[in-house]
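Worksheet: one structure, shown below.
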Amino acid sequence: MNSFVAQRLYFCFMFFISALLTLPATAQTSPKGGTLASISFIEGHWKATNDGRAVEGMWMAADGDNMVGMMRMMKDGKVSMYEILAYEQSAQGLVSLVKHFKPGLIGQEEKDKQDRYNFVEASAGRAIFQKEGEALRILYEKRSANQFVISRGNLQDNKWVFKDLFVFDRIK
């Protein structure tokens, strides 16, 4: 083998090794699996009605590594449930953390527990999260400038089938 070929092989080998050595450091510092920008379309004040239930939600703009929202569900002028939602950016990716409360702010989950949904995928005006440990997905989908929908997805015949839970209209 001539020295030119040997030198080229050596440089290719060194480049490959250096790429492998830097890969773990990059993976630990770069968020994977979505960003807060993936869900920015839900920011604002929204209201939905569903089977005689009024559902009002507010999502604050993302700030730093998080975005926070809340929902209040009412039936016949009385609260039936509150929901606090926190979307956090971490090295493992974007996660959605949810706590439910009965009237009187009585927590439904254990004090140090919450429902955790991991980011699955996103496209313009659309983001999907999957509940940790379950075959349940939540889809956030912008349907127009002043409407977005939260849908629940279940696996049926190896396909995800989504059904609308809340069709929100923007409150101005």
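What follows is calculated from the coordinates using simple rules that are stated; it is not laboratory data. What you see is a predicted model, and the numbers here were worked out from it, not measured in a lab.
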Flagged links, alpha-carbon separation over 18 Å, of Lys99/Lys131; Lys131/Lys163; Lys47/Lys78; Lys47/Lys142; Lys75/Lys99; Lys102/Lys172
Lys75/Lys99; Lys102/Lys172
Over the range 113-172, what is the relative contact order in percent, taking alpha-carbon pairs closer than 8 angstrom and at least six residues apart?
21 percent
With θ set to phi - 60° and the Karplus curve 6.51 cos²θ - 1.76 cosθ + 1.60, what are the ³J(HN,Hα) couplings of the range 80-85 in order, to the nearest whole Hz, using x for Gly and Pro?
10, 6, 10, 9, 10, 10
How much length, in nm to one decimal, is gained on full extension between Asp76 and Asn146, taken as 0.36 nm per residue of separation minus their Cα-Cα distance?
22.6 nm
How far, in nm, would the chain grow between Val161 and Glu56 when pulled straight, counting 0.36 nm per residue and subtracting the alpha carbon separation?
35.3 nm
Prolate/oblate/rounded call for the range 92-165, Cα gyration tensor, a/c under 1.5 rounded:
prolate
Whole Å is fine, so just give me how far the alpha carbon centre of the range 27-91 lies from that of the range 96-147.
8 Å
Provide, for q = 0.13, 0.17, 0.21 Å⁻¹, the log10 of I(q)/I(0) from a solvent-free Debye sum over equal Cα point scatterers in the range 36-170.
-0.55, -0.98, -1.48
From Cα pairs below 8 angstrom and at least 6 apart in sequence, can you work out the relative contact order of the range 27-172, rounded to a whole percent?
20 percent
